[in-house]
1. Quick one: Debye curve from the C-alpha atoms of the stretch 23-199, no solvent, what's log10 I(q)/I(0) at q = 0.13 Å⁻¹?
2. Taking a ≥ b ≥ c as the square roots of the eigenvalues of the Cα gyration tensor of the stretch 209-307, is the shape rounded (a/c under 1.5), prolate (a/b larger than b/c) or oblate?
3. Would you mind telling me the antiparallel percentage of the DSSP bridges in the chain, rounded to 5?
4. Please quote Rg/Rh for the chain to two decimal places, taking the Kirkwood radius as Rh and restricting both calculations to Cα atoms.
5. Could you list the GluC sites (Glu not before Pro) in the stretch 166-236 that lie in coil according to DSSP, counting only those with at most 10 other Cβ atoms within 10 Å of their Cβ?
6. Roughly how far apart, in whole Å, are the Cα centres of the stretch 219-269 and the stretch 176-206?
7. For labels at TYR220 and ALA73 in the simple 7 Å Cα→Cβ model, what's the distance in nm?
8. Name the residues whose placed amide hydrogens come within less than 5 Å of the amide hydrogen of VAL48, ignoring near sequence neighbours (fewer than 5 apart) on the same chain.
Amino acid sequence: MDAPVMTSKKPRADAPKDAKIKKVGIIGAGQMGNGIAHVVALAGYDVVINDLKKEAVEKALVTIDKNMARQVAKGTIREADKGPALKRISYAPDFAALGDCDLVIEAATEDETVKRRIFVDLCPKLKKGALLASNTSSISITRLASTTDRAEDFIGMHFMNPVPLMELVELIRGIATEDETFATARTFVDSLGKKTAVSEDFPAFIVNRILLPMINEAVYTLYEGVGTVEAIDKAMKLGAHHPMGPLELADFIGLDTCLSVMQVLYEGLSDSKYRPCPLLVKYVEAGWLGRKTQRGFYDYRGEKPVPTR
């Protein structure tokens, strides 16, 4: 969910793996899912990706290939590790194909109804003792775990976007998460070359509890006419030394995701300071979701992004 400003430590295909985890399933082949598959495969784990459409997984594999090639060019991974890592990733046509996974990470859209339905359908297909994690960036881990048959083996594992570049993974325990599950998850994250921040199970956890209200306030600043898109982003980049302006960052994250997180904060904490800006709602209703739809606070259809307000 964050800006691509930090580089995680160099992944190694020979990184020490957690003995309890050898094969990892990922549900969702979008930006987060393919990024997680990327780093997990580079760390030496076998990976299977499930998505509603096979084409989405095929597209994800192309993206992973390109991103790994970019890492090779920059010297952050070895050319000799790229091919084997790609071969470790395969397509899971249904949840039954995840049945032999030791860990399954859900990386579907940030919609609680969708996630709960996935867990209800998935759990009967999993082997006994398999760990289950959600990459949710805001939704209660305790509540999600309650829809499964393994609340004690359920944990929040929130990767930052873009996953191959960002150092951090937030780990969030639900009320029923066992110590052993937490320890295994932490060891697994360490083996990916990532660092952990442990958050309590409160709405939006740590990163988004701080980041998204800032973005929402930037949208209010635009909505109230205090500044233009360009002025707001320039002010925060040059005045606060942020690598991306808040509206540019919102487009990168996805305005639908920004709105979902703000709604979780507003509903979960019942505080008016978290009320989503009406302009953010309007953009999402228009289908202007940012970079992924080519229009958001900037229009990306030309040679260079142009502010839309």
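Any read-out appearing in this document is the output of simple, stated calculations on the displayed coordinates, not a laboratory observation. None of these values were measured; they are calculated from a predicted model. All Cβ positions, glycine included, derive from the backbone under ideal geometry; neighbour counts span all protein chains shown.
1. -0.58
2. oblate
3. Around 25 percent antiparallel, to the nearest 5.
4. Checking Rg against Rh, the ratio lands at 0.96.
5. GLU200, GLU224
6. Rounded to whole Å, the Cα centres lie 28 Å apart.
7. 4.2 nm
8. VAL24, GLY25, ILE26, SER90
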